[in-house]
Every structure is written in structure tokens, then in C-alpha cells.
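**Q** Please see the structure below; I have some questions.
The values are calculated or read from the model by the stated rules, or taken from the named source; none is laboratory data. For clarity, every value in this text was computed on a predicted model and none was experimentally measured. Neighbour counts run over all protein chains shown; Cβ positions are idealised from the backbone, glycine included.
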Amino acid sequence: RKAYVEAWKACVKARKACDEAWKAYVEARKACDEAEKAYVEAWKACDEEILALHARECPKCPWNGETIFPKP
């Protein structure tokens with residue numbers, strides 16, 4: 001019985017740690033999603049300018065919007 005009680009206590013403690021870790025994960029995921037949204041918005045705001053600069057600085061670049069490795 002004593003071993004059972006100790007195992008149950010360990011289980012409860014582990015469950016609490018798991019729940020806290022999951023909560024931290026959910027909060028981190030929200031922060032990550034918000035950061036990605038900000039990144040996409042920033043990219044869209046200057047996309048044309050960046051592409052024009054790239055075209056001037058790298059006139060022979062094979063970039064096609066997806067890859068620099070053209071298909072043969």
C-alpha cells in the first residue's frame with residue numbers, strides 16, 4: 001500500500017508538471033504565431049521594394065519566386 005501511495009503522489013506531481021508544460025507550450029505557440037503574422041505583414045509591406053533591389057543587384061539570378069535552382 002505504501003508503494004502505491006508513493007507512486008500515486010509521483011503520478012500527481014508528474015501530471016501537474018505536464019499540465020504546466022503544456023500551458024507554457026500553448027502560450028509559446030501563441031507568441032510564435034503572432035511573431036509569424038508580424039513577419040508576414042512586414043514582408044508584404046516591403047516585398048516590391050526588396051524584389052526590385054534584388055533585380056538591380058543580382059540581374060542574372062535564376063530566382064523565380066520559389067527557388068534559385070532552375071529546372072533543366
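**Q** Residue by residue through segment 1-17, note down the ones that are among the small types (Gly, Ala, Ser) and within 31 Å of the chain's Cα centre (by Cα).
**A** First, the residues of segment 1-17 that are among the small types (Gly, Ala, Ser): 3, 7, 10, 14, 17.
Within segment 1-17, 14, 17 qualify.
**Q** Next question. If we scan segment 32-47, do we find a residue that is at pLDDT below 95, of a type outside the set (A, V, I, L, M) and either surrounded by fewer than 10 Cβ atoms within 10 Å (Cβ to Cβ) or touching a strand residue (DSSP E or B) at 6+ places or on another chain (Cβ under 8 Å) (or both)?
**A** Yes, that holds for at least one residue.
**Q** Condition check: on the phi < 0 side of the Ramachandran plot, of a type in the set (D, E, K, R), part of a loop (DSSP other than H, G, I, E, B) and out of contact with any strand residue (DSSP E or B) (no Cβ under 6 Å at 6 or more places or on another chain). Does residue 60 satisfy that?
**A** On the way: on the phi < 0 side of the Ramachandran plot: yes; of a type in the set (D, E, K, R): yes; part of a loop (DSSP other than H, G, I, E, B): yes; out of contact with any strand residue (DSSP E or B) (no Cβ under 6 Å at 6 or more places or on another chain): yes.
Judged against the criteria, residue 60 is a match.
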